[in-house]
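See structure below.
The values are calculated or read from the model by the stated rules, or taken from the named source; none is laboratory data. These numbers were taken from a predicted model, which means no experiment stands behind them. Cβ placement follows ideal geometry from the backbone for every residue including glycine, while neighbour counts extend to all protein chains displayed.
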Amino acid sequence: MSEQIRSWLSFQRDAMLSLMEKVVNIDSGSYDKAGVDAVGEVFEEFFKSHGIEVERLPRDVSGDIFRAGIAGPGNAPIVLMGHRDTVFSKGEAARRPFTIRDGRAYGPGVMDMKGGLVLNAFVLAAFKKFGGNPAPLIALLTSDEEIGSPQSRGVIEETARGARAVYNAEPGRPNGNVVSQRKGGVFMVMDVVGKAAHSGGNFERGHSAINALAHKTLAIAALTDLSIGVTLNIGLVSGGQSVNTVAPTATGEIDMRYARPADRDRIFAAIEKIAATEHVPGTSATLRIKGEFLPLEHTAGNARLLEIYQKAAKQAGLALEGEATGGCADSGFTSAVGTPTLCATGPVGGAAHSPEEYLEVESVVPRAMALADAVSDTAPLKG
């Protein structure tokens, strides 16, 4: 990284926080297309103000995807990735807008992951302003990661395929570490159908979907094997018609996490078998996948990218390691297409998905410098 870039970034703290305030104060829950698009438009304006070309890829359900880029040597780009959607409902930004207290920034999505998008945007702007990037640079701003990226996955894979590397600006861990491994996840819905009957007058004619779901819930939970990183959680259940009616329907939502790709199909097949088993006579069940993430695995390319980033972080005064987490992210998709990937290169923060979510303000500039330095060193990896 040139001294010009280092010097420029060192004076961008307030500008970064100003952009962060703008986007945090816009509600952008995953199902709020207008809000997610509005956040994208703020970044689009930022990129254009720095002379950076922006492509907008329309989506019919989720927010549109924005892809900004600058030219550089070769054809294999370095991708700076992040998502604009949050888990929070409409009105949350008004209830608790962007604020800074005691060195921490607060607000819905401030660290997961609007802060990371701001960091990526300023790094891209720095290379546009001063040059020196060793490859074309792309900033990819997706729109539906919090629900499994159903409308972004194809663009993510297309953008990453053939790229030199991907840096995903999910938040840095509270201890400052980045993420070098993530579990994969499959999110499923099981719908159970039984038969209604009056619970007093003709109880014996009913077939309880709730009872069937209870049997299936226990059977699915028993598939958990912590020794190999497999967990099953039935996190949402609903069903029934009234307290005095044998339940004609019931639904359970299932979260499956796994560390090894080989376990994915094996566990899913076991769940399908449980769904097909008639635990209560006269009931039946169907299973559907609602969303899915692939794991971020330990590969030689990913390990080398971590080394590059650690060296860059050290030059920015940061000491950090790569760690594994059970959380899922879009970085699994980019790694799965064979592109070296590192996750959690955004600012440091914690308490994601909660009202206590925070971002360490003083981590923003050093993490931006670390990313810019890592980008400068990434070219030999691929392409």
Specify which of the listed residues (ALA368, ALA374) is outside any loop (DSSP other than H, G, I, E, B) and closer than 25 Å to ARG104 by Cα.
-> ALA368
Breaking point among (1) outside any helix (DSSP H, G or I); (2) over 19 Å from the mean Cα position of the chain (by Cα); (3) touching a residue at least 24 places away in the same chain (Cβ under 8 Å), for MET188 = (2)
(1) touching a strand residue (DSSP E or B) at 6+ places or on another chain (Cβ under 9 Å); (2) modelled with pLDDT of 95 or more; (3) part of a loop (DSSP other than H, G, I, E, B) all hold for HIS298 apart from (2)
Being modelled with pLDDT of 95 or more, of a type in the set (S, T, N, Q) and in contact with a Ser or Thr (Cβ under 8 Å, 6 or more places away or on another chain) narrows THR286, THR251, THR277 down to just THR251
Given (1) over 19 Å from HIS50 (Cβ atoms); (2) in a helix (DSSP H, G or I), where does ALA125 come up short, assuming only one miss?
-> (1)
Those residues that are touching a Leu at 6+ places or on another chain (Cβ under 8 Å) and polar (S, T, N, Q), I need them from segment 133-174; list them, please.
-> THR159, ASN168
Among residues of segment 191-243, those that are of a type outside the set (Gly, Ala, Ser), over 21 Å from LYS273 (Cα atoms), out of contact with any Pro (no Cβ under 8 Å at 6 or more places or on another chain) and not in a helix (DSSP H, G or I), counted | 3
Which one of these is crowded, with 22+ Cβ neighbours inside 10 Å, in a strand (DSSP E or B) and either assigned by TED's automatic domain parsing to the domain that holds ARG164 or touching a Phe, Trp or Tyr at 6+ places or on another chain (Cβ under 9 Å) (or both): ILE254, ILE289?
-> ILE254
Can you list the strands (runs of 3 or more DSSP E) found entirely within segment 1-110 that contain at least 1 residues being among the small types (Gly, Ala, Ser)?
-> 65-70, 78-83, 104-106
